[in-house]
Each structure stands twice: as C-alpha cells, then as structure tokens.
Amino acid sequence: MKELVKKIFSGSDKQQELFNLLKGADSNDNIITHGLAGSSKAFLFASVFMQEKLLSCLLFPDKESASYFYDDLINILGNEYVLLYPSAYKRSVEYLKTDRTNIILKTEVLNKLKTGRKPYIIITYPGAVIEKVVETRELKKNTLELSVGEKLSMDFVIEVLNEYGFVHEDFVYEPGTFSVRVSIIDVFSFSNELPYRIDFFGDEVETIRSFDPNTQLSNDKFKKISLVPNIHEHLQEQEKVSFFSFINKNCKIWIDQPEMVIDKFNKTWDAAIIRFSETIELDSEDDEICIIDPEKSLLSPKEFDKEIHNFQIIEFAHRSVFNAQKEIKFNFEPQPAFNKQFDILIDNIKTNYEEQFETFILSNSEKQIQRLKDIFSDKGEEVEFKPILKTVQKGFVDSDSRTCVYTDHQIFERYHRYKTKAVARKEAIKMQELTSLRPGDYVVHIDNGIGRFGGLQKINNDGRVQEVVSIIYDNNDILFVNIHSLHRISKYRDKDGEPPKIHRLGSGHWKRLKEKTKKNIQDIAKDLILLYAKRREQKGYAFTPDSYLQHELESSFMYEDTPDQSKTNDLIKADMESEMPMDRLVCGDVGFGKTELAIRAAFKAVCDSKQVAVLVPTTILALQHYQTFKERLQGMPVTVSYISRLKTTKEIKSSLEKLKTGKLDILIGTHRLVNKDVQFKDLGLLIIDEEQKFGVAMKEKLKQLKVNVDTLTLTATPIPRTLQFSLMGARDLSVITTPPPNRQPIITELHSFNNEIIKEAIYYEVGRNGQVFFINNRIQNIHEVEVLVNKLCPEVKTVVAHGQMEGAKLEKIILEFMRGDYDVLISTSIIENGVDIPNANTIIINNANNFGLSDLHQLRGRVGRSNKKAFCYLLAPPLSVLTPEARRRLKAIEEFSELGSGINIALQDLDIRGAGNILGSEQSGFIADIGFETYNKILNEAIQELKEGEFKSIFDESEKDPKTDSGFIPAKDCLIETDLEIMFPDYYITNTSERIRLYKELDEVKSYAELDRFREMVIDRFGDIPEEAEKLFDIIKLKWMSINLGFQKIIIRNNIFIGFFPLNQQSSYYSSKMFSSILMYMQQNPKDVLIKEHKEKLSLRLLKADSLEKISAYLMKIT
C-alpha cells in the first residue's frame, strides 16, 4: 500500500507544495485543499507523513467518518502511530451513558501523549474533543509504572490499586478490576485493551503478560506497563483542561468538512446544556450514567474556537472556515459506479490501459480477487489490473499520476465495514456461566436421575481427605460423586423453566423412563434412517458444473461469503451434481444468508433448463421471496413468478399455463403449489422454507413430490450442536453459524421510556427515507402508543398491527407497510418471524424487560438487513427497579449488537425448540422429563446402536471404528475408586465454582495433547501445580489406559490396583487380541499380576501398586 502512495504522489508538485507549507517558514499559514475524492484524503495525508513524521490531529464530523479514516490509515501506514480518540460516552455526552471500551481507548491515547515520545496521528471528532480531560500532572500522579525485574512487594501494588478505585474480584473480566492468586496479580488497567498478569518472585516482578479475559490465558509478554484507573470517574472532581493542552503546539490540525465539524460541536454543546438542566429528575443509580456539568467538564464553542487557532490548520473543504492563506487544488475523481455490470468494468479497465492509466483493485480477500479474475476469464477477456490485498473505504481516479484505485466492495456494491481497536470484554453471558453448577441447581445423573446439586464436599477416606460432589435426592438421600465421574452429571435444562420432579435413589422409575425415551427415540431415528436409505437407492438428475453466469451471480452478492456459507454452497452444488437426489437441511440464524444459497441453487437448476418450486408457509413470505429472487436475478435469463391469494384468478391461471409449457422457470408460493392444477414441465429442484410450519397432511404431499427431485430445506430455528452430530448420518445437514462479515452491527441502546429518544429515532429514520418498527406487546394500549407517536411526530404515517386481527386485514397492513405506504408500524411481536423489510432499519421495543433474550434477538434481527446502519432502542424502566435477571438480559442484548455474537449461547430455549422441530414436537415432553443434555446422550446412543446393528450395511466403511479390528470396541468410560488425596487444594484455587468447572473440564479431556494444554492453562492462571493436583493428571492418564485395556472399573486402595473386566461373559472382548495379550502377560509375570473371579466378576490385580507411576508402568507393559 505504501508503494501505491509513492506511485501516486512521488512526482506531485501539489503534494510537495503542501509538504513545504507544513515544514517551511510559512508553517503558521492555514491551508485549504480541495479536489480530493474517495479515500484520496487518507493517501495524501499518508504521503506527507511518510516524508516526515509530524505530530498530527485529524478532526472529522462524526465518529463514523473518523473510524473509516482510521481504518484507511491503518491499512496504508500500519498501526504504530495511528490512534483513534473517542468520546467517553456511548452515544453522545448529552445522553450521559459512559462506555468503558471508549474510556480505555481514550485513556490509552492520553497515556501515550503524556510521554510525548512519538509523532502520533490522532483521529477524532467533535463528540470526543468537546470533553475536557484531567491535566497531565494528574494523569502522571495516578499512573503506576511497573517493570520486569523491579523490586516492590505485592502488598504495595494491591494497596495502590485499592487507592485508585480498582475492585477486588475472584477473576478479572472487566476494566477496573484486579484479583490476587498466590504469587500472581491480574489487573485490568484503563490504559490497555487487554488485562495484565503480573507474576512475582518474592518481592520482584518476574514476568508481565497480557491475557484474554474470556479464556483467562496469557498472550504477549511486556517489559514495562502503566496501570491507570478510570480517570473519567476516579478523577471526576479534579480540574479539567482541554484535550488540545495535551498536544504539542507544533501539532498539525487537519479538519474534514469544517462547517459540519463546527455545526456538530455547537449542537452537542447545546444539547448537553439542555440535558444538564433536566438531570435533577434522572435516576442516577445506573452505573453507566455519569452526570456532568457542561460548564466544568466540556469545552464551550468559544473555547474550542480559541484553542484551535493556536495550531496550523489544514482544511479538506471547498470553502475555508479558518481563513486559509494558501489553497491547493488536486485533481482526483471518485471511482466510477459500475452497478455490478462487469462488461462496463471490463471496458473501463481496457480504456484505462489504452490511455496509459494503471488500474489497481483493492480487496481484503484473495477469494474476491480470484472471483473477479474468474468472471473476466469466463467472459473470455484479458484484463490488465494489479490486485492489492488491503482495502480502503472508497476508490478514486487520479489524472495527474494516471492511476485508478478501485475497491472490490464498490464494484460489487457491498457494504464496507471499518475496523477499530477492540477491547477485550467479558461475554455478557458466558457458556460456562450457563453450564456451571451452583448449589441448589437441578442436575441429572445419567444412572440415578434428577436431584439437586449440593456442591463440593471434603470427605475422610481412610484418613485421607478427598473432594467429592454431592447430589441430594428425594427424602434427602445424598449421593456422593467422585470428581472423576463429573461427565455423568449434567445441568437440567428445559425450555419452560418449570422445576422437574426429583427422583428417589434406588427406585426403578428413572431406569424405566430412560428405556421408554430410548425406545421412542429409536423409532424416530429408524424412520429418519429408512428415508435416508430409500433416497440413496433412487436416481435423480445430475446437474452440470457451474457456468460463467453462476460465477457472475455469486460474485455480485452484496456480502462476502462466510466460511459456513461457502462450505454449504459447495455441498449443495455437490449434492445437485450427484445422481442421488439431494435432501439437505440448511439451518442458520436470521440474516445469515440462507435465502442467498437458495437463489444460487435455483439459478443452477435453471441453467440446466430445469424448473424450481419454492414453497413458503405464508402469503407475505411468498411475496418477499418473489421480490428477493427477482432483484437478485435481475439481468439474468430467468423468469420468476409467485402464486398466492393476493393475485387474481386470471393472473394465477396465466402463471400456471406458462409453468406447464416451460416458459416459467421459478415459481414461489404457499401450500397452493401442491394442488393438482399446478403442473411443472420439468421440475428439478424443490426449495422449502421453514418446513416445520407446515401441517402433517402437507408434509405427506411433499414426500410424494420429493421422491426423486432435489430438495433444499431452510430453517431459522437453530439446531443444537449436539443434535447436529447425532443427525449427521440420517439427514444431510448444514449449519450456518457465522454472520456476514461486512454486515453492520445493529446499534443497540437501552433507555428509560423517553419521548425525546422516540421522536429523534423516528425522525432520523424517516429523514433518510427509511421505516420504523415500534413493538408494543400489550394489545390493550397499542392504540395509545399510536396516539403518542402521532403527537410526537405529526407528519409521520403510522399503522397498527397485531395477532388478534383477521388474517386478510393483517396481511394487507403488512403488505402496505412493505410497499412504503406507512412510515411506522406499531405492532406486537408478530413481526418476530419472517418479515424481511430491508427499508425498515430502526426498531423501538417498548418494555423490553418483559421479553426473553431469544425474542429480543429475533426482533432485533428484523432490522439491519440492508447495508444501511440500523438502530435498536430498548425502552425499559430504570435498571434499579428491574430484576437482576431482566437487567442481565438487557445488558447482554445491548452489548452484543453483532449478529451471531456471544449471545447465541444464551438462547437455550431455542435449542430445545429446535430439537422439537426436527424430531417432532412430542419430543418436548421427553426433554422435560429427563433434561436436554441427557436426552442428547440417549439420542446419540440410540443412533449409534442402530448404525452398528440394524442398519450396519447402510453406513459406510469409513464410519466403522478402527479399533474393531481387535474384536471389541472399548467402553467409553471407566469408573474410578481410590483412597489417594487427589484434588485442587483450596489454597491453590480458592473459588469453589471455578474448582468444580475445572474438575468437569478435566474430566472431559480426551487426548494427551488436550491434557497438556489444560495443564499449561492451570499453571498460567494459578502458578506452579501442587503435588495433590499433579496426581489428578496422572489418574486421567491411568483411566485412559484402563479403558484401552477393557476395564470398566478400577480400584486403587491400600497400595493395590484392581481392574474389573466386562460383566457380560458373552462380550466379544473375551475373544479379542487385547484380552489374549493380558492373559499372556499374567502367565509370564505371575508374581506381579493376578486374575481372579469373585461372584461372577472377573478382575485383574497388580500386587506392587504403591504409586500411580508404578501402576502406569505395569499397564504400559501389559499393552
């Protein structure tokens, strides 16, 4: 990229003139530059900085334009000098909500400027520079510098952290917290995006590393660090100064669109003044609310004007605001608009070549560049261009240097997303929180049923202390579970959250329930496998490989394909190109690109002169799919139509006539499609959207239609991961879990009910010709909400929709909204599923605290479906009056504004709903009886048994276990009883729930490599491992050896080892090579090993077993 900058500006007199004005005797003269287009401003600035590194501050009208420029400069210059200086507030200072991520980035910039060692490039905007900051000396006074090898005690560091207002926690996840473990202090300073781990050796700092708060694992090493508190809150009372007093007077101030910058500054100041006068009524218990006095804490427009005139100013503008004495006019033009028409692009690049212009195409993705090359070669064209694997926001053409810089996202009309520094943060609801066990939780023991978790307990075993888990059953019976058997316990999960029935220990009820569930699951699995087998015997149509038109269609997709999408796309094509009829189910969250895959498959079928039927559950969805298909296939040789009750009989008749004669390629419709009068000339592909929403009779009709036609089914209901694996053999399943990479995150904000917010949100959206969803789930007062909206925004057209309306009326309203007849749709959550209106990009959810996390997630998924920025406003009572659960839910949805981000793991009820949809709704009853995890375990067992038994012939050789060569498949588990002291001592890991989690994790480790990684993680987090904890690792290895030897249970007591062989005397194990080699070893070493039978139980004894090392050595010899 730097080479490209040099190419454009190396012979430029204008660039040299600008540089001389910045460096020469007239370096106080203000300058105005114009004639710059696209990202040429970033290239021009980079060229000056590459000539001489000058301290610079660049001011943009808003955070978005500043962030794009920051991203451009990082791609051109790298990240050594470039800094983004944000506002400390979430939205703007007038809303008073601070953002810890922004405070960290802001503190980091101030901390770097304080040293003044480097000529930094600071990129900022009015909302950030309006905020005054603490003086340099105050920042220095509140900074603790630490270096490796420095002599100072842990107690001193802890004392300073307490003084700075850091909070002591068990583990560090959030900025402003610290924790202490043996010789380690973890601390999350406000001067770095990641927390630090400081390891002491006595009173000396031995190592300093950063670590990831989510995995708690170390990353990079540091020689020196600064620990800074939250200066925004901790030093709230201190005297504040302008941000400009932090920068050297030689700093150059570059201002983009100065009129807009000043206007934005004035508006922010005015809004803050008004807001401050209203804060008397404000609920300030919200920990993010920070009430400030603008007079003390903000820079007034007058002060800003005075401060800015102390520097040399360079304006990017057509008209000077700061009395520029010098003017420089460049000759750049924006990248031409190609509208995804590759013929125009090819002609343009050829013309460039003839006129001796060099064309560069910038892209972040090698795949995209390859795609362009493929399109050019498919069209039989030789096109000269130079690819660069980095990109900027907008391309440009420079006539002076005869250079064209094009970006792939503009060619393909995609949204380009900027990247700014990410601050590590705790996932709002972590997987481990959901699965971690707390005393009182309901748990399921696979052999004993449902009980309550009693926590960790120490018990005395022959004078030795051991740690066990207790489960309390009916009649207060207690079961102690060995820490090596924690995989047999799972947290009870059911979607309704109803407390389950607790079982009695030793009663046969649990066993019968398990058997009943297993039989039921096997019946379902049998049907699935039989369908699969039947399909394998059928012969369908094998489609031909992709044509160049297919490449062109795929390249014009607005978003970059995600890995999941690419993989699914390839699998669909492979299915279509094979002779066996396709039956693939594609699952993916709202907005993850399932429809795009369906369009590509449909187009592939049409390219082979086949027809396509697209079946959808509702009339509205039929119209939506019709519009989407039509838009995506525009300019392609394809005819698309739809039939539904919105069309006249005459129109339907005409479509059916065309279908019969083959003049219509793709037909979209509801259940009307399976009527007898719908006759295809040559149906090649059936696409079914949300199959679970169709009735039983409809599904039967579909089965007849599907026999040897390729079928693609789409569903937005997530399929739980564990279920995916089980179903792999019975159905071709593709899961799309990653969102489109360039899709904008939906800006999500949590507010108390506030007329101003509602008014501003609606006017902003309608002002950019967009539409708004206003969700109000109470039908009783929904019309009052409409009255309020009309009062706040009188010119805006509103309409009400809810589920108690008759179908035809509701449909009419939604269709009119889709057509753009209304600006605001005030409705209940009926829009949660299936309504896709790309023009609606703001959603306001009233009383958001009354919705479940998954509902909020689905509702928010209705917006942000185009490349416009989308907004979601959650209106709820003040946080202080909400339940902790509701507060946590709202925080989670607000923090995870990105699609498919950490929030997915919290959508557990969707997992269970998904299981019901795939395996039939009656399964929900079984899930409620035995819990979701146990249901999964039994499902896995059932399908495995069918694969190895009744349907062995159907499944490929590749699925067989390689260990079957020796005549038996080892059991997956081996019970352990021992009197050894084996545990993580309290002094080593003080937090009980963390100990349980680590025991559970260790119990689920499957390989030596995983075990080594686990061991390294424990040392990294807690320091050197004590002896009793080392034995935990030894016993795990011993367990694996015992499983391979065929033992189902081992006992290590009083220096004797006993391994129990399988109880079933008919087991194939007894005729296996493994058992033969054990017998042979015993005959050769009768003094060491003894095999005996007692009460029909066969066992092996090692007689010299006084340490785990010796036992391991013997077992190694036997194998």
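The values are calculated or read from the model by the stated rules, or taken from the named source; none is laboratory data. Keep in mind that what you see is a predicted model, and the values were worked out from it rather than measured. In this analysis, Cβ positions are derived from the backbone assuming ideal geometry, glycine residues included, and neighbour counts consider all displayed protein chains.
Here are a few things to note about the model shown:
- Out of Leu646, Leu571, sole residue that is surrounded by fewer than 19 Cβ atoms within 10 Å (Cβ to Cβ) and assigned to a loop (DSSP other than H, G, I, E, B): Leu646
- Answer residue from the stretch 872-908, given it is farther than 21 Å from Pro739 by Cβ, aliphatic (A, V, I, L, M) and assigned to a helix (DSSP H, G or I) and is modelled with the highest pLDDT among those: Val881
The rows are residues; the columns are (1) loosely packed, with under 14 Cβ neighbours inside 10 Å; (2) aliphatic (A, V, I, L, M); (3) modelled with pLDDT of 90 or more.
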{"position": "Ser993", "(1), (2), (3)": "no, no, no"}
{"position": "Leu998", "(1), (2), (3)": "no, yes, no"}
{"position": "Asp1003", "(1), (2), (3)": "no, no, no"}
{"position": "Lys1006", "(1), (2), (3)": "yes, no, no"}
{"position": "Ala1009", "(1), (2), (3)": "yes, yes, yes"}
{"position": "Phe1014", "(1), (2), (3)": "no, no, yes"}
{"position": "Ile1019", "(1), (2), (3)": "yes, yes, yes"}
{"position": "Phe1022", "(1), (2), (3)": "no, no, no"}
{"position": "Glu1027", "(1), (2), (3)": "yes, no, no"}
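- Ile762 closer than 21 Å to Ile814 by Cβ, of a type in the set (A, V, I, L, M) and modelled with pLDDT of 90 or more: yes
- Some residue of the stretch 315-325 being exposed (fewer than 15 other Cβ atoms within 10 Å of the Cβ) and under 26 Å from Leu549 (Cβ atoms): no
- Residue count for the stretch 345-400, restricted to those that are at negative phi and assigned to a loop (DSSP other than H, G, I, E, B): 20.
- Consider the stretch 216-256 and keep the residues that are in a strand (DSSP E or B) and aliphatic (A, V, I, L, M). The one that is farthest from Val157 (Cα to Cα) is Ile255.
- Once the stretch 1-49 is narrowed to residues that are among the polar types (S, T, N, Q) and part of a helix (DSSP H, G or I), the residue that is surrounded by the fewest Cβ atoms within 10 Å (Cβ to Cβ) is Asn20.
- Against the criterion of being in a strand (DSSP E or B) and surrounded by fewer than 17 Cβ atoms within 10 Å (Cβ to Cβ), Glu206 qualifies.
- Boolean, Lys296 is in the same structural domain as Glu17 (by TED's automatic domain parsing) and loosely packed, with under 13 Cβ neighbours inside 10 Å: yes
- For the stretch 460-468, the condition holds for no residue, the condition being that it is of a type in the set (Asp, Glu), surrounded by fewer than 20 Cβ atoms within 10 Å (Cβ to Cβ), modelled with pLDDT of 85 or more and over 30 Å from Glu579 (Cβ atoms).
- Residue within the stretch 117-127 that is part of a helix (DSSP H, G or I) and either more than 30 Å from Asp263 (Cβ to Cβ) or touching a residue at least 60 places away in the same chain (Cβ under 8 Å) (or both) present: yes
- Test for Ser191: is it not basic (Lys, Arg) and not in a helix (DSSP H, G or I): yes
- Val392 more than 23 Å from Glu554 (Cα to Cα) and modelled with pLDDT of 85 or more: no
- Restricting attention to the stretch 574-612, the residues that are over 22 Å from His551 (Cα atoms) and part of a helix (DSSP H, G or I) total 0.
Yes/no matrix, rows are residues, columns are (1) within 30 Å of Lys1092 (Cβ to Cβ); (2) small (Gly, Ala, Ser); (3) in contact with a Gly (Cβ under 7 Å, 6 or more places away or on another chain):
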residue: Ile1025; (1), (2), (3): no, no, no
residue: Ile1051; (1), (2), (3): yes, no, no
residue: Phe1061; (1), (2), (3): yes, no, yes
residue: Ser1072; (1), (2), (3): yes, yes, yes
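- Restricting attention to the stretch 50-67 and to residues that are among the aliphatic types (A, V, I, L, M) and not in a helix (DSSP H, G or I), the residue that is nearest to Tyr89 (Cα to Cα) turns out to be Leu59.
- Test: Thr124 is within 20 Å of Pro229 (Cα to Cα) and assigned by TED's automatic domain parsing to the domain that holds Met260: no
- Taking the stretch 292-331 as the range and being among the acidic types (Asp, Glu) and either in a loop (DSSP other than H, G, I, E, B) or out of contact with any His (no Cβ under 9 Å at 6 or more places or on another chain) (or both) as the test, the residues that pass are Asp293, Glu295, Glu303, Asp305, Glu307.
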